[in-house]
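Report on the following structure.
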2 protein chains.
Amino acid sequence: MPPRTSDPFTVEPWCVRQPRPRLDAMAEIEAAFALSNGCLGIRGTFDEGDPADMPGTYLAGLHELRSIVYTETGCGEPEATQTLVHTIDGTHVRIAVDGQPLDLRAGEVPHHERVLDLRSGTLRRSLRWRSPAGREVDVHSERLVSFVHRGVAAVRYTVRAVHEPISIALTSSLVANGVQPHLPSRPSAGDLLEHPLEPQEHHVDGGRIALLHRTHRSGLCVAAAADHRLESPAELEVHVDADEDWARLTATAELAPGEEITLVKLLGYAWSADRSITAVRDEVSATLTTARHTGWNGLLDAQRAYLDEFWADADVEIEGDDELQQAIRFALWHLLQATARSEGRAIAGKGLSGAGYQGHAFWDTETFVLQVLTALRPAITRQALGWRHSTLDKARKRALELDMRGAAFPWRTIAGEECSGYWPAGSAALHVNADIADAVIRYVGATGDVEFARTTGLDLLVETARLWAAFGLHGRDGRFHLHGVTGPDEYSALCDDNVYTNLMAQQNLLCAAQWSREYPADAERLGVDADECDGWEAAGAAMAVPYDEELGVHPQAAGFTDLPRWDFASTPPDHYPLQAHFPYLQLYRKQVVKQADLVLAMHLRGDAFTAEQKARNVAYYEGVTVRDSSLSASCQAVLAAEVGHLDLAYDYLAESALADLRDAEHDSADGLHLAALAGSWIALVAGFGGMRQDGAELRFRPALPSRFTRLTFRVRHRGARLRVGIGDGEASYALEEGDALTIRHEDEEVALTGRDAVVRPLVPRPRPPAPEQPEHRGPLRRDAPPERTTGAR
Amino acid sequence: MPPRTSDPFTVEPWCVRQPRPRLDAMAEIEAAFALSNGCLGIRGTFDEGDPADMPGTYLAGLHELRSIVYTETGCGEPEATQTLVHTIDGTHVRIAVDGQPLDLRAGEVPHHERVLDLRSGTLRRSLRWRSPAGREVDVHSERLVSFVHRGVAAVRYTVRAVHEPISIALTSSLVANGVQPHLPSRPSAGDLLEHPLEPQEHHVDGGRIALLHRTHRSGLCVAAAADHRLESPAELEVHVDADEDWARLTATAELAPGEEITLVKLLGYAWSADRSITAVRDEVSATLTTARHTGWNGLLDAQRAYLDEFWADADVEIEGDDELQQAIRFALWHLLQATARSEGRAIAGKGLSGAGYQGHAFWDTETFVLQVLTALRPAITRQALGWRHSTLDKARKRALELDMRGAAFPWRTIAGEECSGYWPAGSAALHVNADIADAVIRYVGATGDVEFARTTGLDLLVETARLWAAFGLHGRDGRFHLHGVTGPDEYSALCDDNVYTNLMAQQNLLCAAQWSREYPADAERLGVDADECDGWEAAGAAMAVPYDEELGVHPQAAGFTDLPRWDFASTPPDHYPLQAHFPYLQLYRKQVVKQADLVLAMHLRGDAFTAEQKARNVAYYEGVTVRDSSLSASCQAVLAAEVGHLDLAYDYLAESALADLRDAEHDSADGLHLAALAGSWIALVAGFGGMRQDGAELRFRPALPSRFTRLTFRVRHRGARLRVGIGDGEASYALEEGDALTIRHEDEEVALTGRDAVVRPLVPRPRPPAPEQPEHRGPLRRDAPPERTTGAR
C-alpha cells in the first residue's frame, strides 16, 4: 500500500467526507464507504468501476465451497470452507466524454468529493473531470442500499456538460464474475474466488436487464436485475444487450453547455439455496417492480425515516471530542448496516463491507456486536440468535464428529458448518458456545422475552450446557476442569482451565439448569431431567478457576503465569503483529497476549472477581498484552475504566473507535472491524457509563475521562428507552420511552418514572498508578505518529 | 484390501518363502520382498510388472517438491514438502507365449513360489504358467540389488518351453513415469506423484538402453541404463528402441520343448542434484560397464560374501521360537538394506521399501535404527550422523525461522528442510534434536571415535545444546523448563516439561558442556566459551522433571496425570487407531498414549529413575498406552523385561518383530516399519539381554521369557565383537573379535580376554503382578486371532 500522507476524512458530526480523490487510500475507503443493510452489501467503489481495490457486491450467506487440503490431516477436520462470493455487480455507471472514458487516473480532476451521510443513509459523490482533450463534465451521484427493501439498491447519476457541447455515452451494467484487481495491498487476495458464478440466464426488456447465475459447488442460485430511468434535455439513443456474464444499457446524447443527463438505476437482488431458479427469477423481478413503484425519492424518504428512528434509539453524544463523536456514529452506522436485515443469515466479522476472513462469522458477533444490539435494537439480536438456532442441527452433528455431546458451534462459518482449517485456533476455541449462551442470557435479561427464552433460548442453553458437561471432568481435586481448549487470546492454544472459558461455561451450565427448572415442559421436550440439571449445577459449582497465590493474579489459563514472558524489549516495533513474524510454537508457550482474555472475563463475569483482583489483574495483563487483535482495545478500555485508569480507557476507546476511520493498522482494506466498532460503544457505555447488566438488573458506575465534558447515550431495557447523561460531576437518568424502570446508580437503587431525569453525583474513582504496556505497544495516542504498521483482526 | 486367509510366508530360519501366488496380499509382499542397499531400492513386484500394487524404484534422496497449501497459515510453516520419487523402473521383463502375455490373472498357475534368501541376498522366483491357449512355460528369475556396487541391480530370467514348441517374445524395458495402479488398499495414494519426471535424453546402443530424466521443481537429474545378455539355443531376433519415457529390448525365438532362453539384465542408476547431465550420463554408463565386467555370477558372489560378513557380525539366534528366529533375521536384513549404502542421504522411516510417509526420515532413524547399527555396523551410524551433519546449515536456518538459536532439525525430511505441514506434531517435537545428540553420544561411547567426536559429533552436540539453552527458561521454582513441546507420544502435543524431552535435553546439554571442555580447540572453533558451558550445565542440572507425588508416578508431561483418562471401555475395538476415529482435540486432552514416551525415557535415560519408579511407571502407562504406533511395542518390551514382566515383554517383542512379516496392522503396503524392525532387536538385546550402554561401559542384566530356551546375539563395542548367550540359567560372554573388553554382568565387572567364554548365572527377576492394558489393546498374541484392523506408523 502506498504511504498515506494524511487521513482521508474530515471530522464532522453526521458525515464522513472525503474531500479529495485519494487513490492511495482507495482500499480502506471502499470499506468505510460500503453500503449495506445486512442482507445486501456493496463496497464503496467508484461508479465507473475503475480504478478499484476490491470491488464487492455481497449477499449475506451467498457462498461457495472450497476444499481444504491438509498434508497431515486429523479426524474431524473440515473438508471444505465456505467463501463469501462477490456476486453480480450492479454498481457500474460509466461515461465517455467525446469518446474518452471518464477515469480519475486520466485527464484532470479539479474537484472530487464523496460524502457518507449518516442521516440520509446515502453515499454522495460530486466531481469535475477534465478529459485529456480538455472537455469538462460535472458528475453527481448518490447511492443507497435500502434498509426498508432488503433486496434493493439504487443510484442516481447526473452528468452535465460544463463549458462546451459534448457527446456523452453512458453505460449502465450488471457484471458477473468481474475480474478482481489483485492489488498487493490486499493480503487476503488468495481468499477471493476467481470465477465463482455459472451463468444460467440473461434477459433484457426495455430499460430492464437481468442476470441469473449459480455457484458451482454450493449450488446456490442468484439473480440480479436493474431498471433504468433516464432524463435528458437532448434526444437519447438507447441500446440494451446482454450475454452470459453481463447485461447493459447504453445511452448517448449531445449535451449543450449546462445541460445534464440523469439516470436513476434501481437494482434488485435475490438468491436462494433451495428455491427454484424460476422462483428466484420472479422474486427479483417483483423486488425491482416494488423499487420502481417506490421510486428514487420514495427510497430516499424511507431511508431517512428508518434512520431517524434508529438514531433516536441509538445515538451517542460526546462533548469535548469531535473526532470520537464522529467515530461513534460511524461505528453505530456500520453496526446497523451489518445487521439490520440479516434475517436468518450469519453476521460476518466484517459485515458486508469486504471479503476478508472469507466473509465468516465468529464469536465476535455474539460477544461484541450483539452486546450492543441488545441494548439498542433487541429485535436484531433475537434474529441473530435465531440464525444460530437454525444451525443447531449442524452444531449437534459437529459435536458428535468431535466426540462430544450437545452442540459444538463452529469457530468460523457462513452457513453453519465449521470452516476452520487450523483446529488449535478453531474447533478448540469452544468458548464460542458459551458466548452464544451469554448472548441468549443477556438478551432475555434485557427484554424479558419469555417466549424466546422457552424456545430458541432454552434450546441453545441446553445443548451448549451439554457440551460442557460432556467435555469437562471432575478432577482429583474435586474441581470441574476443562482441559485442552483455546480461549479468546489467539497467542495461546490448547490450555487447561482457561479462566474466560471456564467462567463463561459456568454461567452457561448454571443458567441452563435454572431455565430448565423454570420451564419444565420445554426442558422435557429437550429430554432434560433433574439428574441432568443436577449435573450441570454440580459442574458449575465446582468449576475450576486457577489463581496464582504467589503473584496474586489469575493466570489466563492453568500455568500461564509460570511461562516465560515474551521478550518485548528485544522485539522491534515493526515485528508486530507478532503472528506475522514469529511462529505459534514460540507465541503459545510464552506470556504474551494478543487480545483481552482474562480481562474480558473480568468484564463479562465481573461477579467472579473482587475489586482488588481486578486491579491487580489489569496491571498484570496490561504488561503482556500487545493488542495484535482489534478485539482487544475495547475490553481493555472497559476494565481500565472500572479500576480507575480513565485516561488509559479513553486511549483504548479511541484506538477501537478509530480502527477503521483512521485505519491505524492498515488492514481495513478487506473489510471493517465490526467488533472494534461495537467495542467503541461498549467502551463508552460499559467503560465510562460503567453499565453492567445482570439478568433484569441494569447498573451504572459512571465516570468520565479528562478529555470528555459530557457523554450521553441511550439503552433499551425491558421495553423502556433510558437516556443516560454524564457530565459536570453528575449522572442523569431519564426515560425517553416507557413508564417505569428501576436501575442502580453505583449501589443505590433508582426508580425512574415518567420523563423526568433523576440526577446523581458521580463517585470519585481510585486513581491507581498507571500500568505499563509492553515496549512499543502502548495505546495509539492520536497526537502521536502511528507506530504500528500491519494488520490483524 | 481383500481379507487375507492366512499368512503368505512359511517359517524358515534363513528364507522368507511365499509358496503360493497371493494376489490378495500383493501390497505387503511387495514391501517385504523389496530389495535395497540403502541407495537404490526396488519393490518386490513381479517381473512382468502387472498386476502390482505400488511399483517402486527409489533412489535415496531423489525427491520432488510439492507446495503445502494452508487455509490459515502461521509464520515459520514450511511452504513445500519433499516427496520420494518413483524413478525409472528397470524391473520389467515381460514375455508373450504364442502371443499371449504372461499374467498371473490369466490362464492357470500350477506352481508359483518366491523366496527371499537372506544369505544370498536375492529374491528368487519360480513359476509354471499355462496360457489360456494351454501352452506351458517354466519361468525362473533371480533379482538382486548389489550391496557392493551401490548403483547396480540385476536380474537373471529364464523361460523354458515345457511340453510343446512355443514362440516366445521377451521384452525388457526401462519405464519412466509409469502409471501407479491407485489401488484402494493404499491409503497413502495421495502421496504419490503422477508424472514426476521430465524426459531429457534416451539412448539405445546394441543391447544397452538408457533414459535420462529430470524432476520438475527440485531439478534433480537421474539416469538409468540397462545392459542385456541373452542365451538361447534357438536363433533370436532382437530389436531395441526407445522414446522419451521408455526404452526396450525385444527378443523373440521359437523354443522346442525343454529349451530355454536366459536373459541377464544389468541395471545401473545414477542421480545428482548438482552435477551436470553429462556427468550423470557418464556415471551410469561407467556403473553399467563395471556391472558387466563383474557379471551375474560375480555379482552373486560378492553379494554372498558381503552378507556372510554381515551375519557373522549381526546374527541373532533364538532357540524355542522358529517364527521369531526368522523374524529377527528378516528385521536385520531390512535394516541392512535400508542403510548399508545410504552414504550421505537420509534413512527414511520406511527405508526404500515403499513411498509411505512420502519417503521421509524421522527421529526413528537416530533412536531406533542407529541404536542397532551402532552395536552392529558402527560405520553406518557414522555415515548416517554425517548426513545429519551435512544438513546442519539448514537446521541453523530453521532455528532462526523458529526464533531459536543453534540448530533445529526437521521432524520429517528427505533433503534436510522441514516438511511437516502440521506443526503441533512436527516442528514442536523438538526432541528430535536431543535424539540426534543421543545417537552421537552412543556412537562415540561404543566406538571411542575421538576424531568424530571432535568434529561432526561436537558440532551436532553444541548446536542442539544451544537450541535447548535458548528455548528453555529457569522458572520461578528455580528449575529449567521446556514449555510447549511435543514428546514422542503423538496423542499429546504442546505440553510443558515432557519428561522424555527434558531428560534427553538434559543429557544433550551436559554432554555438550563436557565435550566442549574436553576438546577446547574444537569448541573454540564453534564459538563456545566457558560461560556458555556453564549455562548448559546450569540448565542441565536444574532440568525440571515433573513427578506426581500423590500417584507416585512420573506424568508424561506436566499435568498429564491430572487429565481425564480416555474412556477405553466405551471405545469399540474397530475404533483403533484412535487418530482415525477421534479428533486430536479429544486425544490431546486426555490420558491416552499412542506410543511409549515416558517408558522410552526410562530406557534411554534409565539412570534418572529408581527401580521402584520404573515398576510403578510401567504399571501406570501400560494402562493408558494403546500402541497405535509401531514404535511402541519394542519400548514397552524393554521396560517390561526390566521390571520383571518377561512374558509380556515377549509378547511385545513378537508384535514388533512380526509387524511386517505378518502385517498385523495391515499397513505394510506402502513400506516396512523400520523402527519396529529395529525395535525387535532392541527388545531382544536391551530387553532380554538387559544391555545398557553408558559411555564406554556396557552392562547386561539378562533374563529370558518362558518361550525361549536360548538367545544368542552379538554386539560390537570398542573394536571388539562380543557374543552373548543366554540360556540354561546362565549367561555366557565371549569375544569373537578383539583382545580384551570389560563389561558388567548385573553389577559385577567382567573382564573378557581371548576367545574363552565367561559364564555367569542369571539373577532371578522380581515377578510383579501383571499390569493391565486398555480394553482390546493388550499385546497381539500370536495364538489369538488378530483384532486390530487399520494402520499407523
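For the range B:652-668, in order, what is each residue's ³J(HN,Hα) by Karplus, 6.51 cos²θ - 1.76 cosθ + 1.60 with θ = phi - 60°, in whole Hz (x at glycine and Pro)?
Here the 3J(HN,Hα) series is 5, 4, 4, 4, 5, 5, 9, 3, 9, 5, 9, 6, 4, 9, 6, 9, 7 Hz.
Among A:711, A:735, A:629, whose Cα lies farthest out toward the positive end of the dipole of the range A:550-793, if unit charges sit on the beta carbon of Lys, Arg (+1) and Asp, Glu (-1)?
The Cα lying farthest towards the positive end belongs to A:735.
What are the GluC sites (Glu not before Pro) within the range A:727-779 that DSSP puts in a loop, where the Cβ has at most 15 other Cβ atoms within 10 Å?
Passing both the DSSP loop test and the Cβ count: A:746, A:772, A:775.
Once you list every other residue whose beta carbon is under 12 Å from the beta carbon of residue B:456, what net charge do they have if Lys and Arg are +1 and Asp and Glu are -1?
Value of the local net charge: -2.
Count of lysine pairs in the protein assembly as shown with Cα atoms under 26 Å apart, counting only pairs 8 or more residues apart in sequence or on different chains?
So the count of such lysine pairs works out to 13.
Hey, can you rank A:537-547, B:365-375 by average C-beta count inside 10 Å, highest first?
Highest mean packing first, the order is B:365-375, A:537-547.
I need the Debye-formula profile for the range B:329-398: one equal scatterer per C-alpha, no solvent, reported as log10 I(q)/I(0) at q = 0.28 1/Å, two decimals.
Here the Debye-derived log intensity ratios amount to -1.39.
Between copies, how close do the residue A:390 label points come, placed 7 Å along Cα→Cβ, listed in nm from shortest?
Values, ascending and in nm: 6.1.
For the range B:590-602, what does the Karplus curve 6.51 cos²θ - 1.76 cosθ + 1.60, with θ = phi - 60°, yield as ³J(HN,Hα) per residue in whole Hz, taken in order and with x for Gly and Pro?
10, 7, 8, 10, 5, 8, 3, 9, 4, 5, 5, 4, 5
More than 57 angstrom separation, counting every C-alpha pair in the protein assembly as shown; what % is that?
35
When a/c is below 1.5 the answer is rounded, else prolate if a/b is larger than b/c, else oblate, so apply that to the range A:550-793 with a ≥ b ≥ c taken from the square roots of the Cα gyration tensor eigenvalues.
prolate
Rounded, prolate or oblate, given the Cα gyration tensor of chain B, with a/c below 1.5 counting as rounded?
Cα axes put chain B in the prolate bin.
Give the peptides A:234-243, A:658-667 in descending order of average Cβ contacts within 10 Å, highest first.
Order by mean packing, descending: A:658-667, A:234-243.
Counting only other chains, what is the mean number of Cβ atoms within 10 angstrom of the Cβ of each residue in peptide A:64-75?
Neighbouring Cβ atoms belonging to other protein chains average 6 per residue here.
Would you calculate a helix-derived [θ] at 222 nm for chain B, using -39,500 (n - 2.57) for each DSSP H run of n ≥ 4 and dividing by the full residue count, to the nearest 500?
It comes out at -8500 deg cm²/dmol, rounded to the nearest 500.
What does the charge add up to near residue B:585, with Lys and Arg as +1, Asp and Glu as -1, over the other residues with Cβ less than 13 Å from its Cβ?
It works out to a net charge of -1.
Put the label 7 Å from Cα along Cα→Cβ for residue B:278; what are its distances to the other copies, in nanometres, shortest first?
7.6
Averaging sequence separations of C-alpha pairs under 8 Å and six or more residues apart, then dividing by the length of chain A, give the relative contact order as a whole percent.
It rounds to 12 percent for chain A.
From the square roots a ≥ b ≥ c of the eigenvalues of the alpha-carbon gyration tensor of the range B:711-763, which class results: rounded (a/c under 1.5), prolate (a/b over b/c), or oblate?
prolate
What is the dipole size for chain A, taken about its Cα centre, with +1 at each Lys and Arg Cβ and -1 at each Asp and Glu Cβ, in debye to the nearest 20?
500
Over the whole of B:559-565, what's the average partner chain Cβ count within 10 Å per residue? Rounded to a whole number, please.
Mean inter-chain Cβ contacts per residue within 10 Å come to 4.
With a 10 Å Cβ neighbour count serving as the proxy for reagent exposure, in which order, fewest first, do B:743, B:277 appear?
By the 10 Å Cβ count, ascending, the order reads B:277, B:743.
Can you pull the mean other chain C-beta count within 10 Å for peptide A:398-405?
Counting Cβ atoms of other protein chains within 10 Å of each residue's Cβ and averaging gives 2.
Starting from the Cα of residue A:763, step 7 Å toward the Cβ, then list every residue of the range A:585-621 with an amide N under 19 Å from that point.
A:603-616
Add +1 for every Lys or Arg and -1 for every Asp or Glu among the other residues with Cβ under 10 Å from the Cβ of residue A:762, and state the total.
Neighbour charge sum, excluding residue A:762 itself: 0.
Can you give the Rg to Rh ratio of the range A:10-313, both from alpha-carbon atoms, with Rh computed by the Kirkwood formula?
Taking Rh as the inverse mean 1/r over Cα pairs, Rg/Rh reads 0.98.
Can you sort A:265, B:594, B:397 by how many other beta carbons sit within 10 Å, fewest first?
Fewest-to-most Cβ neighbours within 10 Å comes out as B:397, B:594, A:265.
Can you put B:519, A:652, A:621 in order, fewest other beta carbons within 10 Å first?
So the ranking, lowest neighbour count to highest, is B:519, A:621, A:652.
How about the range A:438-487: which trypsin sites (Lys or Arg not before Pro) there are in a DSSP loop, with at most 12 other Cβ atoms within 10 Å of their Cβ?
Sites meeting the loop and neighbour criteria: A:476.
Measuring label to label, 7 Å along Cα→Cβ, what does residue B:181 give against each other copy in nm, shortest first?
Label-point separations across copies, in nm and ascending: 5.6.
Computed from the coordinates by the stated procedures, all read-outs in this text should not be read as laboratory data. What you see is a predicted model, and the numbers here were worked out from it, not measured in a lab. We place every Cβ from the backbone using ideal geometry, glycine too, and count neighbours over all the protein chains shown.
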